[in-house]
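Okay, so here's the structure we're looking at.
Read-outs throughout are calculated quantities, based only on the coordinates presented, and are distinct from any laboratory measurement. Fair warning: this is a prediction, and the values are worked out from it, not measured in the lab. Neighbour counts are summed over all protein chains in view; Cβ atoms, including those assigned to glycine, are modelled from backbone coordinates with ideal geometry.
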Amino acid sequence: MTSTAIPTFTPGPRLLPVMPADQQAELDPYMAQIVGYRKSGLSLNHIIGCPLECGYCVRHFWGNFEVKVPHLLMPTEEAIDRLVGHEAFRPGVTPIQLFNKATDPFLPGVKPHLFQVLQALDASGFTNHVLLITRFKVTEADMAALERLQHLRVTLLFTYSGITDPRVEPISKSEITVTSIRTAAAHKRRTGVVLYWRPIVPGWNDAPDTMARVLDVGRDADAIVFTGYYHKPENADYLRGLGVPVPFGEDYHRRKTMPADLDAAVVAAWRTSGISTPLFRKTSCGVAYAHEVPDYNGHWGVRELCDICPAAQQQRCADDHTPPTPASMDRILGQLGYQTQYVIEDGHVWTHGLGEQRRYAIQHGLRYQIWELDQPHHLHAHGRSLNGHRADAAQVEVFTAVRQQFEQEARYEDD
């Protein structure tokens with residue numbers, strides 16, 4: 001990217017075109033996947049393309065950032081069938097995300113399909129969590145439609161970072177997101193409203209006055225969830241091409257970057273602000289709190305995450321925290337048709353070779369952390385890159401011991 005022009009955005013069409021089959025065949029396999037599992041839920045994405053021009057967008061990773069007009073990949077009726085027919089979908093259990101990968105669910109052309117999905121799921125009596133991540137316009141009429149849902153536990157997660165550089169976030173100058181947060185907070189009853197404070201990046205939005213402004217916007221939300229930045233070559237190169245200073249150098253990671261000192265600064269700013277809105281480090285924690293239920297990702301097993309959680313939420317999660325037995329692990333693996341070695345430890349279960357999508361399906365079924373042997377979570381850096389964190393020597397020794405246990409069991413089985 002060599003242009004230094006500041007991106008602009010438009011809301012996109014009101015009627016979506018269908019992407020031709022030959023173009024769909026050329027999509028990255030991840031972008032072409034209609035239903036996939038992510039940590040925050042089973043994700044439906046039969047619409048891809050977004051005009052909002054966020055410079056750090058994950059669509060850079062899969063070659064889709066230049067698709068500005070949202071396109072349908074299949075009719076919405078078929079997409080709904082594919083979602084509820086997925087091997088891992090469980091009524092009342094599986095959290096669901098809608099249009100969170102490659103578009104914004106409240107864009108004019110996407111919104112009718114969003115409500116079609118919501119109304120169909122609700123008419124079936126499903127009580128699953130449904131997460132809607134947006135930074136676009138949510139109106140009083142939208143809130144009224146969400147409030148008419150009788151069964152689904154819907155949470156709006158408003159991505160708002162406080163970034164004012166239009167090269168990074170062209171939408172920031174419009175105040176659309178702030179207005180939407182205030183509208184949703186004023187009209188919510190059973191709909192959860194979360195301020196999704198992301199990405200927080202040194203030099204972009206970590207100044208004390210910026211943090212104070214974000215926290216004030218979240219004053220009337222149910223919860224605030226904060227997280228870092230996916231620092232990968234694709235979005236870093238794009239931003240540098242616009243002249244945006246990008247921190248962290250060439251230290252790229254598969255997980256988001258949130259250094260320990262930045263985490264501490266966020267927590268300190270929240271405590272100083274005096275707002276009553278609770279702050280969370282994990283999406284599912286904020287969603288669960290908004291609906292007064294335990295965290296469906298079992299983060300109580302990673303206790304250092306929980307020091308900022310309200311006491312009532314800590315108690316819910318502690319009461320719900322039930323380590324699986326070998327019998328319950330074997331049962332859920334059999335139900336899902338998965339195979340893996342596993343080691344049950346305090347707070348988590350080690351597995352190997354399942355892949356992220358399958359691990360999350362198990363995690364949501366058990367509400368207990370399921371970890372991958374080759375991608376361990378480090379102390380105080382759970383779900384984050386080690387950039388800005390120190391690996392704990394004692395924990396590294398534990399990781400080595402677990403790996404040796406897996407290797408020994410594999411040799412035994414081979415014999």
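Can you give the relative contact order of the stretch 159-242 as a percent, counting alpha carbon pairs under 8 Å and 6+ residues apart? Don't jump to the answer; show the numbers that get you there.
Values: 91 pairs, mean separation 30.5, N = 84.
Once normalised by length, the contact order is 36 percent.
So which residue, out of ILE80, ILE224, ILE96, gets the largest mean-square fluctuation from a GNM of the chain using Cα contacts under 10 Å as springs?
Taking springs between Cα atoms under 10 Å, the residue moving most is ILE80.
Mind checking the full-extension length gain between ALA393 and SER174? Use 0.36 nm per residue of separation minus the Cα-Cα distance, one decimal, nm.
Working: separation 219, 0.36 × 219 = 78.84 nm, distance 4.75 nm.
Using 0.36 nm per residue and subtracting the Cα-Cα distance, I get 74.1 nm.
Summing Lys, Arg as +1 and Asp, Glu as -1, what charge do residues with Cβ under 14 Å from the Cβ of ALA88 carry, ALA88 excluded?
Values: positive: ARG38, LYS39, ARG82, ARG90, ARG358, ARG359; negative: GLU87, GLU356.
Local net charge: +4.
Return the tail of the calculated pair distribution for the stretch 21-308, meaning the percent of Cα-Cα pairs more than 36 Å apart.
Numbers: 4558 of 41328 pairs.
Roughly 11 percent, once rounded to a whole number.
Normalised radius of gyration for the stretch 1-48, please: alpha carbon Rg relative to 2.2 N^0.38 Å, two decimal places. Each step should come with its number before you reach the end.
On the way: Rg = 14.8 Å, N = 48, 2.2 N^0.38 = 9.6 Å.
The value comes to 1.55.
So how strong a dipole does the stretch 326-414 carry about its Cα centre when Lys and Arg Cβ are +1 and Asp and Glu Cβ are -1, to the nearest 20 debye? All intermediate terms of the calculation are to be shown ahead of the outcome.
Working: 8 positive and 12 negative charges, 76 e Å.
Using only the charged Cβ atoms, the result is roughly 360 debye.
For the stretch 326-414, just say rounded, prolate or oblate: build the C-alpha gyration tensor, square-root its eigenvalues into a ≥ b ≥ c, call rounded for a/c under 1.5, and beyond that prolate if a/b exceeds b/c, oblate if not.
Numbers: a/c = 2.19, a/b = 1.35, b/c = 1.62.
It is oblate, given that a/c is not under 1.5 and a/b is not larger than b/c.
Sorted by average packing, counted as other Cβ atoms within 10 angstrom per residue and highest first, what order do 302-313, 149-160, 321-332, 256-267 take? Intermediate values should be presented prior to the final figure.
Values: 302-313: 15.3, 149-160: 22.1, 321-332: 13.8, 256-267: 18.3.
Highest mean packing first, the order is 149-160, 256-267, 302-313, 321-332.
Taking 7 Å along the Cα-to-C-beta vector as the label spot, tell me the VAL58-ARG271 distance in nanometres, rounded to one decimal.
Computed distance between label sites VAL58 and ARG271 equals 3.1 nm.
Using all Cα-Cα distances in the stretch 39-128, what percent lands in each 10 angstrom bin from 0 up to the longest?
Once binned at 10 Å, the Cα pair distances of the stretch 39-128 give 16, 48, 29, 7.
In terms of modelled amide H atoms, which long-range or inter-chain residues lie less than 5 Å from the amide H of GLU372?
THR351
Using Cα positions and a limit of under 22 Å, work out the lysines in reach of LYS111, with same-chain residues fewer than 8 apart set aside.
LYS68, LYS101, LYS137, LYS188
Compute the distribution of all C-alpha to C-alpha distances in the stretch 250-320, in bins of 10 Å from 0, and list the percent of pairs in each, rounded to whole numbers.
18, 46, 30, 6, 0
Can you give the % of DSSP beta bridges in the chain that are antiparallel, to the nearest 5?
Numbers: 11 of 39 bridges.
Percentage antiparallel, nearest 5: 30.
In percent, how large is the relative contact order of the chain, given Cα pairs closer than 8 Å and 6 or more residues apart?
About 14 percent, as a whole number.
For labels at SER328 and ALA264 in the simple 7 Å Cα→Cβ model, what's the distance in nm?
Once both label points are built, they end up 3.7 nm from each other.
For the stretch 228-271 and the stretch 179-224, compute the distance between their C-alpha centroids and round to whole Å.
Going from one Cα centre to the other spans 19 Å.
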